[in-house]
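Shown next, in structure tokens, is the structure this report addresses.
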Amino acid sequence: MNKNEHNILAIQVEEVLKKQPILLFDGECGFCNKSVSFFLRRENPLKKAVHFAPIESEIGKHLRKYFEIDEKMDGIILIKNHEAFIKSCAALRMTRYMRGLWPALMIFLLIPPFLRNPIYDLVAKQRQRIVGRVQSCELLKDEDQERFLFF
């Protein structure tokens, strides 16, 4: 990548970062897609702030690079306040944007990630078997479609 391309990319990433919080998820994973749909159905209407991008999209790749997250890391990434949270740290923080009792799950953030993430990893390893791969995208409401980021 030449210097000009790098500068253009940096500008694009800075523009995307203005849309925080951003959840990066495996767009080819049925379990992950169903999890995003689950979140959207339970989202607090007063906190519709989260944007989404498939982790394998150009935005996903560039944000991972920007935050120096290993491309082998298998899990969701929540980008919020210019910090990147991965795996269970991301999943638990996502509950803050949900209605009902879901935000109470944030209490589990008191448990260190080295104890929480093995459970997350166990589910992540089985997710393809649980739901399978995505054959087609679920139809989104118009108001939600604009929250999915691509470039």
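The values are calculated or read from the model by the stated rules, or taken from the named source; none is laboratory data. Small disclaimer: the values here were computed from a predicted structure and weren't measured. Methodologically, a virtual Cβ is constructed for each residue, glycine included, from the backbone with ideal geometry; neighbour enumeration extends over all protein chains shown.
Points worth noting:
Residue by residue, here is whether (1) closer than 19 Å to Tyr97 by Cβ; (2) without any contact (Cβ under 8 Å) to a residue 60 or more places away in the chain; (3) crowded, with 18+ Cβ neighbours inside 10 Å holds:
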{"site": "Val13", "(1), (2), (3)": "no, yes, no"}
{"site": "Lys19", "(1), (2), (3)": "yes, no, no"}
{"site": "Leu24", "(1), (2), (3)": "yes, yes, yes"}
{"site": "Arg42", "(1), (2), (3)": "yes, no, no"}
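Conditions (1) closer than 20 Å to Met106 by Cα; (2) of a type in the set (A, V, I, L, M, F, W, C), marked per residue:
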| site | (1), (2) |
| --- | --- |
| Val13 | no, yes |
| Asn33 | no, no |
| Asn44 | yes, no |
| Glu56 | no, no |
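- Test: residue in region 85-105 that is at pLDDT below 90, surrounded by 19 or more Cβ atoms within 10 Å (Cβ to Cβ) and of a type outside the set (Lys, Arg): no
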